[in-house]
Amino acid sequence: MGLGCIFQRIFKPANPFAQTLAELRELFRPKQEHADHQNHDQMHRLEQAFKHRSYIIPQARRWWIWVRGTKLAKLTQYLELRKEVPVIIEMRTYKTKPGCRSRFLEIFRSRSVPEHTKIGMKILGPFLSVEDPDTFFFMRGFPDMPSREPMKAQFYEGALWKGELESVLMPMLEKYEAVVVEDLDHLIHWPPA
């Protein structure tokens, strides 16, 4: 793989999770390990042939360290994305009482969403219904199933919800529904935090 290909892979805009996973597969393929061994042998031969030209070897070593560092950086990036990208998602549909949607969303965006983010949940939306002026939809993401209940409990038992939001938002709601789904293929693109 040429240097140009490496730069193209690193800087190509795409789904960061899928891109990183594809790059890791490419970087850690068995044939690449064979190529790494060949590169090591070539460097050893270069070292022997150019002992009197010491400036060549530091350059080659720097290149080699950069390539190996790239692999480590990609692995680290992959692990970080695995940790940050929600896998368990609640698809939530809310119907407010007539004429209350805009007020509800104003409070939801300014008070509720930042608190969710602080706890570690991700919110995508809200998306407003074009057919019903009192309905909207949003997604709430969790890293995994075991963390879902403790995170929800932290929000709903917290001072902000109990002391302020519950008494303001719940009277505005007519009904709500939530469906829990799993996004193992990371099809949903979450905005950066």
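In the range 104-134, what residues are surrounded by fewer than 18 Cβ atoms within 10 Å (Cβ to Cβ), among the polar types (S, T, N, Q), more than 16 Å from the chain's Cα centre (by Cα) and closer than 22 Å to S167 by Cα?
S110 - this is the single residue of the range 104-134 that is surrounded by fewer than 18 Cβ atoms within 10 Å (Cβ to Cβ), among the polar types (S, T, N, Q), more than 16 Å from the chain's Cα centre (by Cα) and closer than 22 Å to S167 by Cα.
F155 - would you say it is free of Cβ contacts under 8 Å to residues at least 60 places away in the same chain, buried (at least 17 other Cβ atoms within 10 Å of the Cβ) and assigned to a helix (DSSP H, G or I)?
yes
Go through the range 102-134 and count every residue that is part of a loop (DSSP other than H, G, I, E, B), free of Cβ contacts under 8 Å to residues at least 24 places away in the same chain and not β-branched (V, I, T).
Within the range 102-134, residues that are part of a loop (DSSP other than H, G, I, E, B), free of Cβ contacts under 8 Å to residues at least 24 places away in the same chain and not β-branched (V, I, T) number 2.
Since every read-out is calculated from the coordinates, none of them should be taken as a lab result. Just so it is clear, the structure is predicted and the values come from calculations on it, not from any experiment. Cβ: placed from backbone, ideal geometry, glycine included. Neighbour counts: every protein chain shown.
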